[in-house]
1. In segment 36-75, which GluC sites (Glu not before Pro) fall in coil by DSSP and have 12 or fewer other Cβ atoms within 10 Å?
2. Counting pairs of alpha carbon atoms under 8 Å apart in space and at least six apart in sequence, what relative contact order in percent does the chain give?
3. From the residues Leu19, Pro157, Val116, which one has its Cα farthest along the dipole of the chain in the positive direction, the dipole being from +1 and -1 charges on Cβ of Lys/Arg and Asp/Glu about the Cα centre?
4. Between Gln35 and Leu176, take the C-beta separation as r, use R0 = 35 Å, and let me know the FRET efficiency to the nearest 0.05.
5. Note the listed values (i) 62, 47, 25; (ii) 64, 42, 26; (iii) 47, 41, 27, then indicate which one is Cα extents along the principal axes in Å calculated from this particular structure.
6. Need one number: nm distance between label points at Glu43 and Glu22, each 7 Å from Cα along Cα→Cβ, rounded to one decimal.
7. Assigning unit charges at the beta carbon (Lys, Arg +1; Asp, Glu -1) and nothing else, what dipole magnitude in debye, to the nearest 20, does the chain show about its Cα centre?
8. Write out the trypsin sites (Lys or Arg not before Pro) in segment 1-95 meeting two conditions: DSSP loop, and at most 10 other Cβ atoms within 10 Å of their Cβ.
Amino acid sequence: MQRKIPGHHLVYGTLRDYLTGEELPDTDDERFRQQLERMMVEEKGYAKEELAPRLCIETTFNKIFVCSVIDLTVSVGERHLFVLRYGPGSLVTREKPALAAARVLFEDHCIPLAVVTNGRDAELLETATGKVLATGMEAIPDRQQAAELIEQYQCQPPADEAERERTLRILNAFDLQVCCRGDSCKLP
């Protein structure tokens, strides 16, 4: 059974999150996210505990509230290595908000790498420079590569307050969801 959420998201019911067991709306996008979670554990070799799903960065600018969801935050040991953000369509349109999220997710440090994916293709980005380090789904580091990358890419100090605010504004602008009816999209 399908039902349409006001806006444009089709919901097929609910599903269980692969990592947490949490019940989530079953949408096409969520199915891709669940495939990514499964891939990170079963193919890439991460422990479930190394993957933090759905961390959120809340921003309000010009009276517009946005909750930017980081699909996965990947840690090696006690150190954050990369954020992974999923979105359908072109990867290049996902780069700026993924880099912004990696820079401001935590107030005390910047995460050194970011991954953007549409579920079929991916890019690995260096947070400090925005440089694309690798492309293709194989660009998503496996656990062995992550152990090497964590030594190569150290967490950076946080941005100063002015830079942090500019970065949060980028997230607010890029992650504002406006549907075809001209209103913000909200899942129930």
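Computed from the coordinates by the stated procedures, all read-outs in this text should not be read as laboratory data. These figures come from a predicted structure and were not determined experimentally. So basically every Cβ, Gly included, is an ideal-geometry build from the backbone, and we count neighbours across all protein chains shown.
1. Numbers: sites: Glu37, Glu42, Glu43, Glu49, Glu50, Glu58; in loops: Glu43.
Those that pass, being in a loop and sparsely packed, are Glu43.
2. Values: 346 pairs, mean separation 36.7, N = 188.
Relative contact order comes out at 20 percent.
3. So the residue we want is Val116.
4. Numbers: r = 26 Å, r/R0 = 0.74.
The formula returns an efficiency of 0.85 here.
5. Entry (iii).
6. The two pseudo-label positions are separated by 2.4 nm.
7. Values: 23 positive and 31 negative charges, 151 e Å.
Charge dipole, the chain, about its Cα centre: 720 debye, nearest 20.
8. Working: sites: Arg3, Lys4, Arg16, Arg31, Arg33, Arg38, Lys44, Lys48, Arg54, Lys63, Arg79, Arg85, Arg94; in loops: Lys44, Lys63.
Qualifying residues, ordered by number: Lys63.
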